[in-house]
1. Considering only residues that are touching a Gly at 6+ places or on another chain (Cβ under 9 Å) and aliphatic (A, V, I, L, M), which ones fall in region 317-334?
2. Search region 448-472 for residues that are closer than 18 Å to residue 359 by Cα and at pLDDT 95 or above and pair each with any residue that is polar (S, T, N, Q) and outside any loop (DSSP other than H, G, I, E, B) when their beta-carbon atoms are under 7 Å apart and the residues are at least 6 apart or on different chains.
3. Give me the residue from region 213-234 that is touching a Lys or Arg at 6+ places or on another chain (Cβ under 8 Å) and of a type in the set (A, V, I, L, M, F, W, C) and, out of that set, surrounded by the fewest Cβ atoms within 10 Å (Cβ to Cβ).
4. Can you tell me which residue among 300, 369 is out of contact with any strand residue (DSSP E or B) (no Cβ under 8 Å at 6 or more places or on another chain) and either in a loop (DSSP other than H, G, I, E, B) or outside the structural domain of residue 20 (by TED's automatic domain parsing) (or both)?
5. In this structure, does residue 40 turn out to be without any contact (Cβ under 8 Å) to a residue 40 or more places away in the chain and either touching a Pro at 6+ places or on another chain (Cβ under 8 Å) or closer than 17 Å to residue 97 by Cα (or both)?
6. Among the listed residues 384, 402, which satisfies the condition of being surrounded by 15 or more Cβ atoms within 10 Å (Cβ to Cβ), in contact with a Gly (Cβ under 7 Å, 6 or more places away or on another chain) and not β-branched (Val, Ile, Thr)?
7. For the condition out of contact with any helix residue (DSSP H, G or I) (no Cβ under 8 Å at 6 or more places or on another chain), in contact (Cβ under 8 Å) with a residue 60 or more places away in the chain and basic (Lys, Arg), what is the one hit in 299, 334?
Amino acid sequence: MNPVLSGDRPDPNILKDGEDYWATFSSFDYYPGVIVWHSHDLVNWAPVGAALSKPLGSVWALDIAKHHGRYVIYIPIFNATDPTFAAGPQIPCKIFVVHAETMRGPWSDPVDMGIKGYIDPGHAVGEDGKRYLFLNGGARVRISDDGLRRDGPVEQVYDGWPIPTDWIIEAPALEGPKVLLRNSWYYLFSGQGGTAGPPTSHMVIVARSRSIHGPWTNDPRNPLVRTANAAEPWWSRGHATPVQGPSGGWWLAYHGYENGYRTLGRQMLLEPFVWDADGWPRATGGDLSTSLPTPRGGRDGGSGMSLSGPFVPGDLGRRLAFFSPQPDYLERVRIAAGELTLNGQGDGPATSSPLAFIAGDHAYEVTIDIELRGAAQGGLLLFYDGKLFAGLGADEARLHTYKVGREPGYPPAGPAEGRQMSMRVINDDNVATFYVRSGSKPWRKVVSYEVSGYNHNMADGFISLRPALFASGSGDVTFRRLTYHTRG
């Protein structure tokens, strides 16, 4: 059953490397970012670690490639404050690349490739042996033989598929190009329609050519995948990577929003496809409302990770990540003896760069023990971004409650519970209830909020609502005994 990887896993791209599969996803404002995942069967995935620690901006849809034994990840970085971009329609984005000898790293420092104003790189090698990145909007640029820099002008090579004018979509948004060479055909898989907006926006289209240089002919039966109506279980399905299964079958990995649960972000979906007699791909998974056959020939190498348990150094970039951190963000955190201590930053949750993790369940419970030092405030949030979050905080004087990114002040949250306390949030189908207790006292319910609107369509940003820990003010906060339980 889909999703094969729940929670916020947008823009999935997968590299098949022998018996191994490697995946990465857009990490946007969270660092350490570009988390690498590993699988042997396309269904069971386990995180390996982060490929990017240096904060550069928002990490958008990227691409993994292997060429002549070296692994590379092409990373578009969106940065609206970059002074090298003049005002105008150009996307304030640069493409960087990191490289390594293995997908487990260590990864190089990011290299600016000299490609500005484009997103969604897709690596390809042409019949001429030259390397290229296909880009959003049907653009393409040749890159150097070592794959680390631009080596030619950006060219317009493909105009997309003409979407019927009566279809309800967010925008034309030709993006996410992935190139597959099969039987002397180059296949260009792309997303169109917009990655959010109405449930029927996003889709997967395909074109092909005998040459990497085109011309590209659209599949006469496009789109390959699309959410046709809002009654389906998965909305805005698109941004696909084609990948061959362990025993030779073919699959599409793409993302979609779960009907009624946009707060979880775009989750990773897997759908089989076949090649028809004319050499075009045909998806066979329907609307993904039923179970599908597992890819044959693989093996379960373990999946996921525990969201509960003591804190360990490997949590950063696996279980936990900072939202929009400062350059020295790793100096704020200390992990030892199962505890995590976080130096305060900012004057409240909005400016504190919370430490968050991805939740993929409809209903869950998170509990954390907190100890305050100095004039710090610490707490537990359901966090979308600095303008949209809900939660509970405490300082030495009183409790604080937050909804839609602000402190309402009413009803009053109550007096302080001392410098040591426990906090809990129960998110039950987008109704979040926050609790507090000190010592062995009974849990006290503080407040409940409805949070289904804490999503991209309301706030932009392409991200998800995540449980998060925060420390603000002067002083620090120690967190202990993080537990996460699925409910229902």
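1. Within region 317-334, just 321 meets the criteria.
2. Once the first residue is closer than 18 Å to residue 359 by Cα and at pLDDT 95 or above and sits in region 448-472, its partners that are polar (S, T, N, Q) and outside any loop (DSSP other than H, G, I, E, B) give 451/263; 452/263; 454/263; 455/263; 464/263; 465/263.
3. It comes out as 216.
4. Details: 369 fails: out of contact with any strand residue (DSSP E or B) (no Cβ under 8 Å at 6 or more places or on another chain).
Going through 300, 369 in turn, the sole match is 300.
5. On the way: without any contact (Cβ under 8 Å) to a residue 40 or more places away in the chain: no; either touching a Pro at 6+ places or on another chain (Cβ under 8 Å) or closer than 17 Å to residue 97 by Cα (or both): yes.
Spelling it out, it is not the case that residue 40 is without any contact (Cβ under 8 Å) to a residue 40 or more places away in the chain and either touching a Pro at 6+ places or on another chain (Cβ under 8 Å) or closer than 17 Å to residue 97 by Cα (or both).
6. On the way: 384 fails: in contact with a Gly (Cβ under 7 Å, 6 or more places away or on another chain).
Checking each option against the conditions leaves just 402.
7. Within the list 299, 334, the selection yields 299.
Yes or no, residue by residue, for (1) outside the structural domain of residue 250 (by TED's automatic domain parsing); (2) modelled with pLDDT under 95; (3) in contact with a Phe, Trp or Tyr (Cβ under 9 Å, 6 or more places away or on another chain); (4) aliphatic (A, V, I, L, M):
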{"site": "44", "(1), (2), (3), (4)": "no, no, no, no"}
{"site": "54", "(1), (2), (3), (4)": "no, no, yes, no"}
{"site": "81", "(1), (2), (3), (4)": "no, yes, no, no"}
{"site": "84", "(1), (2), (3), (4)": "no, yes, no, no"}
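The values are calculated or read from the model by the stated rules, or taken from the named source; none is laboratory data. These figures come from a predicted structure and were not determined experimentally. Don't worry about glycine lacking a Cβ; one is built from the backbone with ideal geometry, like all the others, and counts go over all protein chains shown.
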